[in-house]
Amino acid sequence: MAMSDEHYSDKDYSGMDYNNKSYLNKRYKTFSELVYVVSTKELQYFITKGEFTSFFNYKMKKKLTEIGDSKNKILDVGLFFNTDGEITLIDAEIVGRFIEQSYELKMLEYYKNTSLNKIIREVVNGSEKAKGDFILISYSILYSTLMELYKTISCNIQNAIIYKKQYELEDYNKEDCTIILAVLLILEDLCKYIGVDRNKMMNEIKENIYK
């Protein structure tokens, strides 16, 4: 699959079945933009309540201060704090952008590359090992990023049951289970978009993460 640094792919994905996830049928100029959209959509749907870490609260307060100090002030940033300095309301897109930036930065650190699009092109055109590495590295980055974001997250019980079965986690009951489900929802979308087989994803996860 050919891909330039400016555009993710010339391939038309509009005819592919992505379980009615229309955002996966669109074309994205960069892979990081796809990460942003997928993260925003999946977490907005999956998470019913989330408590953020002190690290993320600090990052957002700093961001708000920077916006307030800038000449072009943005009044509606979709971010609110309580008197204890904890986030009480946040726009899902802010979370999506945080994940996007963290993912791109950590991928570039790992691959020692200057372009995330180039990394993805090499994965798409590369060996099965390259695809396996992409799955495991992406999983690790997404997991660590969500752990930086959330102290706790809650989701619909029925959805949790469905996804635990879907991802073969029926017997997994540790505290990070909902984080893992969120990571897998995002990762599966990314894999679908670049044509990495779901069975390949699950086999890599089971052999290297679950064991």
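The values are calculated or read from the model by the stated rules, or taken from the named source; none is laboratory data. These numbers were taken from a predicted model, which means no experiment stands behind them. Because the Cβ atoms are built from the backbone with ideal geometry, glycine has one as well, and the counts that use them run over all protein chains shown. SASA here: full protein model, heavy atoms, side chains in, ligands and nucleic acids out. Shrake-Rupley method; radii C 1.70, N 1.55, O 1.52, S 1.80 Å.
Could you list, in sequence order, all residues of the range 81-130 that are small (Gly, Ala, Ser) and without any contact (Cβ under 8 Å) to a residue 40 or more places away in the chain? Hits for the range 81-130 are GLY85, GLY126, SER127, ALA130.
With the structure loaded, tell me whether ILE137 is in contact with a strand residue (DSSP E or B) (Cβ under 8 Å, 6 or more places away or on another chain) and touching a residue at least 24 places away in the same chain (Cβ under 8 Å) or whether it fails that test. It is false that ILE137 is in contact with a strand residue (DSSP E or B) (Cβ under 8 Å, 6 or more places away or on another chain) and touching a residue at least 24 places away in the same chain (Cβ under 8 Å). When restricted to residues that are in contact with a Cys (Cβ under 9 Å, 6 or more places away or on another chain), at pLDDT 95 or above and either acidic (Asp, Glu) or open to solvent by 20 Å² or more (accessible area, probe 1.4 Å) (or both), the range 176-211 contains 2. Of the residues making up the range 148-174, those that are without any contact (Cβ under 8 Å) to a residue 40 or more places away in the chain and touching a Ser or Thr at 6+ places or on another chain (Cβ under 8 Å) number 1. Considering the range 50-106, the residues that are among the acidic types (Asp, Glu) and at pLDDT 85 or above include one that is nearest to the chain's Cα centre (by Cα), namely GLU100. Residue-level analysis places LEU185 among those that are within 28 Å of ASN57 (Cβ to Cβ) and in contact (Cβ under 8 Å) with a residue 24 or more places away in the chain.
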